């Protein structure tokens, strides 16, 4: 039989997926791995942020410091600012690091191991940051699984893609803090609440309750998901009671000292609750304002989400929410209920920040995917995804580049080492250059106690003062410093993100000084 050119072409088309791995890798089923790879790259790029600073990110430094304290006892008291699940997982990783270091001869004892953190914090910080990245990528994958279960694979892929390139989610994934893990466990809990809706099985009640408890043990707001269990599982009272018991068990697993040392836990919990949420005071007061406005965070959501999601995802999520309202299927009503509960809850807080709302981001990804999937024309669909890439990627790439560059505090420290003689007496506040192994006599004025005192005494005791734009000094101190000190070095750089690239000034004090008059 004669093989015509047309037949050859047909055979080539049939064989192409097998002959060209690149083509088959981008099939719909395998696209999730490309999305996860993309998510990994943008989250690992810049993971060296502010190293070797120990306090490059304030919350991160607090989490790590208290985790290291577990080597002397597992009670976090007085630190119940966060529940302890993330800290205990991080502690297990530190134990593994200690054992490896002990085997390699790097550490001889636990005290040596702890001391090594204060002289070289980088390994401890990176372990924590990679733990966060792991939970972040797991969140992207679970968003795909959940959206596929609710709707279809295409919606799942779009949801995962949109979450993988959500700026706030990417930024928060660079830090060894509890926010990303809490968002992951909240999503897991909602996943099993949906299982309650589908199967009504005892297993789904148990797992929803257990993960709700673990979510609370990672960040206290996880408890807001339990009303979902009540709402969608109220018909089976027996199973509901078992689910509530599993919430308690899950919370105990992750935060046992909330029960063992309940008085210490409650005292600190109520203090943090009033500081962040403030329901016992004036709900929703705008930080720094005298007149409280209820649900002020709700009023600020447009700004928060435009920054955290970007314009494309903010608009597509809004469009997706409209679809939930108009097309009231069982799945849509469930999603709308989850989003509304979280929105109203976070909106009632006195304090607000993008990272506080990370639990919403997987659901924003899903409803954005739902909206974009409605575009049936292939050319228009492709054009929309190109617009998404064009408006989203530049900010993420710029952020990762800035995170990967030397922080201003690191650059300032290098200048100091070259230009200020050893043995000099330096006064600095928090969020300034650090000097763990250097020959300077450094005093850290965390709470401005020294700066609120006499400037004459400061000028006698110190040779240099370092200030940071991320820390507010007393006004009288600033006035006296400007009159009696000389700026010998300053640096500032563009900053995108939290605790990044503060403007640093180094002052040389000129002997006896006069105090500025109090205002």
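Any read-out appearing in this document is the output of simple, stated calculations on the displayed coordinates, not a laboratory observation. Owing to the predicted nature of the structure, the values given are computational and were not obtained by experimental measurement. Note that each Cβ is placed from the backbone with ideal geometry, even for glycine, and that neighbours are counted across all protein chains shown.
Quick look at the numbers
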| read-out | value |
| --- | --- |
| Projected area averaged over orientations for segment 35-113, convex hull of C-alpha atoms, nm² | 6.9 nm² |
| Tail weight of P(r) past 24 Å, computed on alpha-carbon pairs of segment 33-181, percent | 40 percent |
| Value of relative contact order over segment 408-509, rounded to a whole percent, pairs C-alpha under 8 Å and six or more apart | 31 percent |
| Alpha-carbon Debye profile of segment 360-459, log10 I(q)/I(0) at 0.12 Å⁻¹ | -0.65 |
| Fraction of beta bridges assigned by DSSP in the chain that are antiparallel (%, nearest 5) | 60 percent |
| For segment 101-143, radius of gyration divided by Kirkwood radius, i.e. Rg to Rh on alpha-carbons | 1.21 |
| Prolate/oblate/rounded label for segment 198-274 (Cα gyration tensor, a/c 1.5) | prolate |
| Angle in degrees between helix 5-19 and the longest Cα principal axis of the chain, rounded to the nearest 10 | 40 degrees |
| Relative contact order computed over the chain (Cα-Cα under 8 Å; 6+ residues apart), in percent | 16 percent |
| Rg/Rg_ref, segment 307-433, where Rg_ref = 2.2 N^0.38 Å and atoms are Cα | 1.62 |
| Acute angle (nearest 10 degrees) that the helix 475-484 long axis makes with the longest principal axis of the chain, alpha-carbon atoms | 60 degrees |
| Between 0 and 90°, nearest 10: helix 110-119 axis offset from the chain longest Cα axis | 80 degrees |
| Rg followed by Dmax, in Å, when segment 408-509 is reduced to its Cα trace | 12.8, 38 |
| Least to most buried among 97, 361 (fewest other Cβ within 10 Å first) | 97, 361 |
| Relative compactness, the chain, computed as alpha-carbon Rg over 2.2 N^0.38 Å | 1.12 |
